[in-house]
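Heads up: the structure comes next, in structure tokens.
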Amino acid sequence: MRLAAVGDLHFHVGKRGHLRPHLAKLEERASALLLAGDLTCHGTTAEAEVLAEELRGVKVPVVAVLGNHDYDAGKEGEIRRLFQDVGVVVLEGESFVLDLEGKRLGVVGVKGFGGGFKGACASDFGEPEMKAFIRTTRRVSESLGERLAGLQAECDRRVALLHYSPIPGTLVGERLEIYPFLGSYLLGDAVERGGCDLVIHGHSHRGTKKGNIGEVPVLNVAQPLIGEPFATFTLG
């Protein structure tokens, strides 16, 4: 399966027309496009409308999750609808199955959340605000694991599509102080429980492109990091 993926496009009205030329013949390079969140700069509908028009009519399936920037203006529901109106599948704790190249690809999408990694992570203790923080990560991680496990019997390949990172390995290059705000080990534990063939995430602009959870490759496709309109690769 040939896939394209990118995160952290951070689209705004000044980027109109920037992505469309690169998508014109995407079907010659990939069978699907996965978007790993932070599709907008400040989460406004005006920004989302610009990117939605760039994606309208793309000749391969497009599956996305939102990122923290897409929530900033409190318009995440409207943003989701704008992308769905042009045929983009937007996931949050849900799964979607694509028939690609004679195989079935299952994609489970969650934005994820922070919390940090084993040995230096937040815990479900103390103030209500801290408990709410880590419980949010635990809830979305449990959803990720359950959905991945549920696709095992019906799919040839499974992908976890996230915004936040499930491992510290793809954050190397970022300041250690901000690791808890870039991802959580709970997401990685969910991948191990549910099982998949590939994890894709964004969010970390200065991190590392590749890591792994056991034998499962993890790709950081944040556009500022990869330096391209999107990354392309073969799965399986």
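Look at the dipole of region 2-234 built from charges on Cβ: of Gly112, Val58, Ala73, the Cα furthest out on the positive end belongs to Val58. Result for the chain in a Gaussian network model with C-alpha springs under 10 Å: among Gly202, Gly126, Gly211, the largest mean-square fluctuation is at Gly126. Once you order the gyration tensor axes a ≥ b ≥ c over the Cα atoms, which shape class does region 183-236 get: rounded for a/c under 1.5, otherwise prolate or oblate by comparing a/b with b/c? It is oblate, given that a/c is not under 1.5 and a/b is not larger than b/c. Positive end of the charge dipole of region 177-231 (Lys, Arg +1 and Asp, Glu -1 on Cβ, about the Cα centre): tell me which of Leu225, Val191, Ile178 has its Cα farthest that way. Value computed over the given set: Leu225. Under a model in which nothing but the beta-carbon of Lys, Arg (+1) and Asp, Glu (-1) is charged, region 2-234 shows a dipole of about 380 debye around its Cα centre.
Average projection, convex hull of the Cα set of region 2-234: 12.0 square nanometres.
Considering only Gly207, Leu161, Met130, the residue lying farthest towards the positive end of the dipole of region 88-216 is Gly207, judged by Cα position with unit charges set on Cβ. The residues Tyr164, Tyr185, when put in order of fewest to most other Cβ atoms within 10 Å, stand as Tyr185, Tyr164. Only beta bridges with both residues in the chain are counted; by DSSP, about 40 percent of them are antiparallel.
Helix by helix through the chain, keep the DSSP H runs that span 20 Å or more along the axis on Cα and average at least -1.0 on Kyte-Doolittle, and give those back in order. Display every interim value, and only then the final one.
Working: long enough: 128-150 (32 Å, -0.57).
The qualifying helices are 128-150.
The distance between label points at Asp72 and Asp99 comes to 4.1 nm (points 7 Å beyond Cα on the Cα→Cβ vector).
By the gyration tensor of its Cα atoms, with a ≥ b ≥ c the square roots of the eigenvalues, what is the shape of region 1-123: rounded for a/c under 1.5, prolate for a/b over b/c, or oblate? Oblate shape, in that a/c is at least 1.5 and b/c is the bigger or equal ratio. Between Glu94 and Gly109, the built amide H atoms are under 5 Å apart, and every one of these is 5 or more places off in sequence or on another chain.
Every number in this text was worked out from the coordinates using simple rules, so none of it is lab data. Nothing here was measured: the structure is a model prediction, and the numbers come from that model. With ideal geometry, Cβ positions are generated from the backbone for all residues, glycine too; neighbour counts draw on all protein chains shown.
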